[in-house]
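Peer 1: Dropping a structure here in structure tokens format, bear with me for questions.
The values are calculated or read from the model by the stated rules, or taken from the named source; none is laboratory data. Here the structure is a predicted model, which is why all the values come from computation and not from measurement. Here the Cβ is made from the backbone with ideal geometry for all residues, glycine too, and neighbour counts use every protein chain on show. For accessibility, only protein heavy atoms count, side chains too; no ligands or nucleic acids. Shrake-Rupley method; radii C 1.70, N 1.55, O 1.52, S 1.80 Å.
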Amino acid sequence: MIVGFASNLYKKYEGSTFEILADTLFSALDVAGLNKDEIDGLFLTALPGTFDSYAALHFPTTQIAQYLGIKPKFTTVFDYGGASALSMIYHAYKTIKAGEGDTIACIVGGKASDIRGKGVTVDAIDKAYPDVSLTPFDRLFRGLNDLNPVSDYALVANRHMYLFGSTDEQRALIAVRQRFNAQNNEKAIYRDPLTVEQVLKSSIVAEPLRLLEIVYPIDGFHVFIVSKRASKSSLRPIEVLAYGEAHWTVMPAELDDIVYTPAVQSAKGIFDLNKVDSFELYDSFTITVMLQVEDIGLIEKGKGGEFFEKHDTTYLGDIPINTGGGSLNTGQPAYMSGGVILEEALLQLNNMAKGHQVKDADTVFLNGIGGWNRAHSVSLVLGEAK
Amino acid sequence: MNLDEIYAKYDKIIREDSSLPYIKCNNCNSTFFYPRHFCPKCGSNNIEVMRSSGIGKVFSWTKIYRKGDKWIYGIVELEEGFKVYCNFTEDIKIGDKVKVKVVPKDDRYYSIIASKI
Ligand SMILES: [Zn+2]
């Protein structure tokens, strides 16, 4: 079903966002052995400020179809931020199974360098584009001085430490393990070996989170082609084995507690985790990964730090996690890590993860967390249907 | 009460003495700060704008370091049972008792500030 995929990632791309998008789409179509006129559906996710420095595109899928010169039968915008990429795959799969189309292109990415250049992050986009609304409660929220999403996850990390006694060292270990996995990943921009001490010595951005625990926003796209026309693709026939999504759309301040993510709900009981060969978990921050090992059920709540001490989570280890080093090491295209973890899952499943391949990887569990202040979770298990 | 009326009441309370306004549902007794014209728990329109004591405890916090500047941001849990985002005026830790004040930032927005008591 997933017959093609490709990515193009740049620290800073000097040209138009549409150029990277089109080049990546054509590369993915090449892998699939399909041409652009065969695209029935266009699935897209995009965040404000990431297309050629405009605050927003008016009718984004129309503009993209216009640029590409294609006439899709249907288009959809997915609105879960970093978790969108995983959701697109499931919905493309279901749409094709239902006979509504043969081939769907799933597009995720954009340019982060324009917003980065303004010294803000996308969840604090209002500081660069005053007319963008963040919440229905802007009048009572935007007078505050935050640094979202970094400050949001910092609040979670601090409370996790307070409630459960997790430590800076345990979070640092996550960054260290992921860097080990990134060493031979040609997509990674950070590949030098890293120690816990180095992570702890990196500057504090929002206490307790340090620079080396935080993803670096970059420019780029991932495109995934889901199609029932698989005859020209050399990829394994990868299918969706399990799926769940959950949305906690309240402001975190209105949650009973902030240390849980909606992954508690999206991942619950969807798959036997003992049958998983590698886990690709959303890694906007180290704490994001720690929360997910708890919330998807790899270990009980509060023990996420101990989990990383107890298990070898490198691609060679007993429970491989973020086997290519994750977006902490490739950078985060357009403030969304979903494409990075999805591409890594497909590399693993197709035995294409040169230098970071998990032996006999047949089943991969992915979890995406996205949206303003982590409102959305998407859990997806990929493998070959037996 | 529609949203404009709620915000007018919020604004009046804030401008009177920098108090923290909130909404109480007279049907299910839940309290909330971020305004809707109905109760988000039970859906009732029987809601009332109240004045909080401002007394609460630090729920979580972070100190942000940016371009040589630093400031503290977090969440306070008020004794009336709701939580708000705020900035802190000094170093605090989770569980510290604080008082929350609200001041107009400009015509449209408000600053929510908590200090130790
Ligand atoms: Zn109520």
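Peer 1: Report, by residue number, each residue of the stretch B:19-49 that is out of contact with any helix residue (DSSP H, G or I) (no Cβ under 8 Å at 6 or more places or on another chain) and not in a loop (DSSP other than H, G, I, E, B).
Peer 2: B:TYR22, B:LYS24, B:CYS25, B:THR31, B:ILE47, B:GLU48
Peer 1: Now for a different question. Working only within the stretch A:109-129, note down all residues that are within 14 Å of another protein chain (Cβ to nearest Cβ), in a helix (DSSP H, G or I) and of a type in the set (A, V, I, L, M, F, W, C).
Peer 2: Selection gives A:ALA124 alone.
Peer 1: Can you name every residue in the stretch A:95-110 that is open to solvent by 10 Å² or more (accessible area, probe 1.4 Å) and touching a residue at least 12 places away in the same chain (Cβ under 8 Å)?
Peer 2: Selection gives A:THR95, A:GLU100, A:ASP102.
Peer 1: Still on this structure: Taking the stretch B:12-35 on its own, how many of its residues are on the phi > 0 side of the Ramachandran plot and surrounded by 13 or more Cβ atoms within 10 Å (Cβ to Cβ)?
Peer 2: So the count comes out to 1.
Peer 1: Within the bounds of the stretch A:93-100, is there any residue that is part of a helix (DSSP H, G or I) and among the basic types (Lys, Arg)?
Peer 2: Yes, the conditions are met somewhere in the stretch A:93-100.
Peer 1: Quick check on the stretch A:186-195. Is at least one of its residues among the polar types (S, T, N, Q) and either away from chain B (no Cβ under 14 Å) or touching a Gly at 6+ places or on another chain (Cβ under 6 Å) (or both)?
Peer 2: yes
Peer 1: Turning to a different aspect of this structure: Would it be correct to say that B:LYS9 is basic (Lys, Arg) and either away from the ligand (no atom under 16 Å from the Cβ) or open to solvent by less than 20 Å² (accessible area, probe 1.4 Å) (or both)?
Peer 2: Answer is yes for this residue.
Peer 1: Then there is this: Whether any residue in the stretch B:36-44 is without any contact (Cβ under 8 Å) to a residue 24 or more places away in the chain and crowded, with 21+ Cβ neighbours inside 10 Å is what I want to check.
Peer 2: yes
Peer 1: Can you tell me how many residues within the stretch A:266-283 are touching a residue at least 40 places away in the same chain (Cβ under 8 Å) and either open to solvent by 10 Å² or more (accessible area, probe 1.4 Å) or among the aromatic types (Phe, Trp, Tyr) (or both)?
Peer 2: Result for the stretch A:266-283: 8.
Peer 1: Next question, about the same structure. Among the residues of the stretch A:332-377, write down those that are buried (at least 24 other Cβ atoms within 10 Å of the Cβ) and without any contact (Cβ under 8 Å) to a residue 24 or more places away in the chain.
Peer 2: None - no residue of the stretch A:332-377 is buried (at least 24 other Cβ atoms within 10 Å of the Cβ) and without any contact (Cβ under 8 Å) to a residue 24 or more places away in the chain, so the list stays empty.
Peer 1: Of everything in the stretch B:1-18, what is in contact with a strand residue (DSSP E or B) (Cβ under 8 Å, 6 or more places away or on another chain), of a type outside the set (Ser, Thr, Tyr), closer than 9 Å to B:VAL49 by Cβ and part of a helix (DSSP H, G or I)? Give them in sequence order.
Peer 2: Answer for the stretch B:1-18, where residues must be in contact with a strand residue (DSSP E or B) (Cβ under 8 Å, 6 or more places away or on another chain), of a type outside the set (Ser, Thr, Tyr), closer than 9 Å to B:VAL49 by Cβ and part of a helix (DSSP H, G or I): B:ILE6, B:LYS9, B:ILE13.
Peer 1: When the residues of the stretch A:244-284 are narrowed to those that are assigned to a loop (DSSP other than H, G, I, E, B) and among the aromatic types (Phe, Trp, Tyr), which ends up farthest from the other protein chains (Cβ to nearest Cβ)?
Peer 2: Checking each candidate, the answer is A:PHE271.
Peer 1: I'd like the residue in the stretch B:28-87 that is within 12 Å of chain A (Cβ to nearest Cβ), within 17 Å of the chain's Cα centre (by Cα) and among the aliphatic types (A, V, I, L, M) and, out of all such residues, is farthest from the ligand (Cβ to nearest atom).
Peer 2: Per the criteria, the residue is B:ILE72.
Peer 1: Separate question: Name the residues in the stretch B:88-117 that are more than 21 Å from A:PRO136 (Cβ to Cβ), assigned to a strand (DSSP E or B) and either within 10 Å of chain A (Cβ to nearest Cβ) or over 10 Å from the mean Cα position of the chain (by Cα) (or both), would you?
Peer 2: Those that are more than 21 Å from A:PRO136 (Cβ to Cβ), assigned to a strand (DSSP E or B) and either within 10 Å of chain A (Cβ to nearest Cβ) or over 10 Å from the mean Cα position of the chain (by Cα) (or both): B:PHE88, B:LYS97, B:VAL98, B:LYS99, B:VAL103, B:ILE113, B:SER115, B:LYS116.
Peer 1: Which ones in the stretch A:126-144 are touching a Phe, Trp or Tyr at 6+ places or on another chain (Cβ under 6 Å) and surrounded by fewer than 17 Cβ atoms within 10 Å (Cβ to Cβ)?
Peer 2: Once the filter is applied, which keeps residues that are touching a Phe, Trp or Tyr at 6+ places or on another chain (Cβ under 6 Å) and surrounded by fewer than 17 Cβ atoms within 10 Å (Cβ to Cβ), the stretch A:126-144 yields only A:THR135.
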